[in-house]
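J.: What follows is a single structure, and I will ask about it in a moment.
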Ligand code: HEM
Ligand code: HEM
Ligand SMILES: [Fe+2]
């Protein structure tokens, strides 16, 4: 595809978006495999065991979302700073380095899989800590590529102009990268290990990522709905205050049972219970803006996915998170399918949605058009169906996992006392198995949705240039 | 000009609020971290020293706290061998590195965090599945070295794959599991039945 008409940052963004969507597909394939291994435990047993398929599933997710975020920021960089990106060549180099590193890490996960209990394994094979399994050399590579990205962002804004959105964004990126360092050391002490591990995981998804997508949302609403910058910026500050105000100490909801002192039960319970508030504020914001403009924007798929983000974030993180965040409940739900239920709806609802929205914002520009209105030649059935199927699939999986999670928390956790036998008495219960079956059925629906999504992104708006020109003339 | 926009909807007000709130929350987190880390350092009350593997470990109901808490008893050296603090740390650390290198967390939860495909290992050392305290050590080693041959699965068909642990590696893993079971986890897991106990 010819992309010369795009600005430098946007050309970089297209690269990142392409890898993001490819990894999204990989994530789903390995998710399907992990899910199947619950129902057919002999599937790939001894070859591609559950720990391998699952690790690829969640790491592909983390990486594609990060690629989506980087792409989104590069996409808006020149427009928001009103100048040219300072380090295009460097940015391109970093893209290729990062992408090769990701490819090597995935291949090692699949082919080498594990190693002996020595430092070599942690440096070059697998670190064995959920979400950040990537070996240490890759951590360092990632940090260097992130520094290049950060340089491009900060230096471009400094050369051009700063705005409320870019200020929040840049500071947030500092925090996001800094927090990653908390996961980069070894300790024999599992309590200390998990204490810092949660800094990375929680302070990413419930603080810095949340603020990052707040910036993207603010920019997206201005772009798609032409909302006033002043209003959007004020909302952004309100959201930052509420999100960091609750999310930073909300970290305590992971410090109930890992050896940490009892005061975390109170602090973690209290502050994490406040975390849904900013998420409600975001729904109000998005829905109000969309309503005030009678749902009329210049890009219907993007608008639909922005609204899906607002609701997905609220339900997945806010409601599903709140349901198990009080220690009185978490004692029984901790580490059960409840967590998986919440994890799926939250990551999809809060993050996958907004990356997809940002990609839809980019698509018409890539094809040299103004927008994606309601006048698509085929009625836009592909984006509508993929939107419907993806959301229905993930919500269906979430509900199925929740039912299994309820059963597990009663039978294994409360009654069975979480012993080996107690664990399996819950896993073999028909209600649990039914939940796993429905998860697969909705997982397949999700997969159809993603096939349509890829197809749509590759084709939407193609060959519409002439038609569009006529219309703009008619309007004029 | 001062009442063009009310103070509560002005951009500057919220900008300042955002900065102050974020800054103070972060400071509080740092203070709490400075308090918590010493309390979870090995050798503290809540997280015993690695040499606790020389002792008998139990998990008993505590009336005052209304939860089960680990109870460190008399001498009960792992594999019949008393270890110095350094030796114990080295062994537990080796065990932990093996759990990371083999990605046990890709199937199991440790302290409730990880994956949900296999039982939580927080109190695996105390699990009644190991028959009795006399047979426990050998059974654990046999299981870890060949989980397929020694599979239980309880009718689920789900097995742990053979991760090719040597005897030495399995012993280190058991040391790590024994040490982990001594951590005071505020009563998680709830209602756990301990080995060698009649309900
Ligand atoms: C978009 C934001 C969020 C994302 C992506 C997210 C994702 C996740 C994931 C993946 C886990 C499982 C972690 C693991 O593998 O061990 C988790 C755990 C948890 N989340 Fe969230 N979460 C978000 C927001 C929230 C919010 C706002 C709350 C509370 C109101 C919350 C409460 C919890 C709790 C209590 C756990 C611990 C579950 C357990 O004990 O096993 N989350 N979250
Ligand atoms: C075809 C659809 C999918 C299937 C069948 C699937 C299946 C699975 C399975 C079996 C696990 C392991 C849970 C366990 O340890 O028991 C898992 C974990 C996870 N998946 Fe998916 N998944 C799918 C799609 C997705 C999507 C779209 C997302 C988010 C964008 C996602 C995010 C996650 C997360 C965050 C975890 C870790 C949860 C935790 O540790 O609590 N998955 N998935
Ligand atoms: Fe959290």
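The values are calculated or read from the model by the stated rules, or taken from the named source; none is laboratory data. Please read all numbers here as calculations on a predicted model, not as lab measurements. Reconstructed Cβ throughout: ideal geometry from the backbone, glycine too, with neighbour counts over all protein chains shown.
J.: Tally the residues that are part of a helix (DSSP H, G or I) and within 30 Å of residue A:208 (Cα to Cα), restricting the search to region B:1-59.
T.: Count: 33.
J.: Of all the residues that make up region A:329-348, how many are more than 13 Å from ligand 3 (Cβ to nearest atom), surrounded by fewer than 23 Cβ atoms within 10 Å (Cβ to Cβ) and without any contact (Cβ under 8 Å) to a residue 12 or more places away in the chain?
T.: 1
J.: Within 16 Å of ligand 1 (Cβ to nearest atom) and modelled with pLDDT of 95 or more - does that describe any residue in region A:153-172?
T.: yes
J.: Please tell me if residue A:297 is in contact with a helix residue (DSSP H, G or I) (Cβ under 9 Å, 6 or more places away or on another chain), more than 20 Å from residue A:344 (Cβ to Cβ), away from ligand 2 (no atom under 16 Å from the Cβ) and more than 14 Å from chain B (Cβ to nearest Cβ).
T.: yes
J.: Sticking with this one: Which members of region A:110-130 meet the condition of being surrounded by 18 or more Cβ atoms within 10 Å (Cβ to Cβ) and either under 21 Å from the mean Cα position of the chain (by Cα) or not in a helix (DSSP H, G or I) (or both)?
T.: Once the filter is applied, which keeps residues that are surrounded by 18 or more Cβ atoms within 10 Å (Cβ to Cβ) and either under 21 Å from the mean Cα position of the chain (by Cα) or not in a helix (DSSP H, G or I) (or both), region A:110-130 yields A:113, A:114, A:115, A:117, A:125, A:126, A:127, A:128, A:129, A:130.
J.: Quick test of your reading of the structure: residue A:335 fulfils all but one of (1) within 12 Å of ligand 2 (Cβ to nearest atom); (2) away from chain B (no Cβ under 14 Å); (3) in contact with a strand residue (DSSP E or B) (Cβ under 7 Å, 6 or more places away or on another chain). Name the failing condition by number.
T.: Failing condition for residue A:335: (2).
J.: Quick one: is residue A:364 at pLDDT below 95, buried (at least 18 other Cβ atoms within 10 Å of the Cβ) and more than 16 Å from ligand 2 (Cβ to nearest atom)?
T.: yes
J.: Hey, another quick one. Which pairs have Cβ atoms under 8 Å, sit 6 or more apart or on different chains, and link a residue in region A:52-65 that is within 16 Å of ligand 3 (Cβ to nearest atom) to one that is at pLDDT 95 or above and not in a helix (DSSP H, G or I)?
T.: Pairs that qualify, where the first residue is within 16 Å of ligand 3 (Cβ to nearest atom) and the partner is at pLDDT 95 or above and not in a helix (DSSP H, G or I), are A:58/A:130; A:58/A:131; A:62/A:131.
J.: Mind counting the residues in region A:176-196 that are surrounded by fewer than 18 Cβ atoms within 10 Å (Cβ to Cβ), farther than 24 Å from residue A:118 by Cβ and within 13 Å of another protein chain (Cβ to nearest Cβ)?
T.: Selection size over region A:176-196: 1.
J.: Do we have residue B:162 as crowded, with 17+ Cβ neighbours inside 10 Å and within 9 Å of chain A (Cβ to nearest Cβ) here?
T.: For residue B:162, the condition - crowded, with 17+ Cβ neighbours inside 10 Å and within 9 Å of chain A (Cβ to nearest Cβ) - is not met.
J.: Return a yes/no flag: does region B:110-122 have any residue that is farther than 16 Å from residue A:337 by Cα and either within 16 Å of ligand 2 (Cβ to nearest atom) or touching a helix residue (DSSP H, G or I) at 6+ places or on another chain (Cβ under 9 Å) (or both).
T.: yes
J.: Sticking with this structure for a sec: Is it true that residue B:157 is at pLDDT below 95, within 11 Å of another protein chain (Cβ to nearest Cβ) and assigned to a loop (DSSP other than H, G, I, E, B)?
T.: no
J.: Scan region A:76-92 and tell me whether some residue there is within 14 Å of chain B (Cβ to nearest Cβ), away from ligand 3 (no atom under 16 Å from the Cβ) and in contact with a helix residue (DSSP H, G or I) (Cβ under 8 Å, 6 or more places away or on another chain).
T.: no
J.: Within region A:248-260, identify whether any single residue is crowded, with 24+ Cβ neighbours inside 10 Å, farther than 20 Å from residue A:199 by Cα, modelled with pLDDT of 95 or more and within 16 Å of ligand 2 (Cβ to nearest atom), and answer yes or no.
T.: Among the residues of region A:248-260, not one is crowded, with 24+ Cβ neighbours inside 10 Å, farther than 20 Å from residue A:199 by Cα, modelled with pLDDT of 95 or more and within 16 Å of ligand 2 (Cβ to nearest atom), which makes the answer no.
J.: Failed condition for residue B:185, given (1) at the interface with chain A (Cβ under 7 Å from one of its Cβ atoms); (2) more than 13 Å from the chain's Cα centre (by Cα), with all others met?
T.: Of the numbered conditions (1) at the interface with chain A (Cβ under 7 Å from one of its Cβ atoms); (2) more than 13 Å from the chain's Cα centre (by Cα), the odd one out for residue B:185 is (2).
J.: For residues in region A:12-48 being within 11 Å of chain B (Cβ to nearest Cβ) and within 30 Å of residue A:96 (Cα to Cα), which is nearest to ligand 3 (Cβ to nearest atom)?
T.: Among those that are within 11 Å of chain B (Cβ to nearest Cβ) and within 30 Å of residue A:96 (Cα to Cα), it is A:34.
J.: List the helices (runs of 4 or more DSSP H) inside region A:323-429, counting only whole elements, that have at least 2 residues being more than 22 Å from residue B:105 (Cα to Cα) and within 16 Å of ligand 1 (Cβ to nearest atom).
T.: Where helices (runs of 4 or more DSSP H) fall fully within region A:323-429 and carry at least 2 residues being more than 22 Å from residue B:105 (Cα to Cα) and within 16 Å of ligand 1 (Cβ to nearest atom), they are A:327-333, A:353-366, A:381-408.
J.: Quick test of your reading of the structure: residue A:196 fulfils all but one of (1) within 29 Å of residue B:95 (Cα to Cα); (2) away from ligand 3 (no atom under 13 Å from the Cβ); (3) touching a helix residue (DSSP H, G or I) at 6+ places or on another chain (Cβ under 6 Å); (4) not in a helix (DSSP H, G or I). Name the failing condition by number.
T.: (4)
J.: Could you tell me whether region B:165-181 includes any residue that is under 21 Å from residue A:425 (Cα atoms) and within 11 Å of chain A (Cβ to nearest Cβ)?
T.: no
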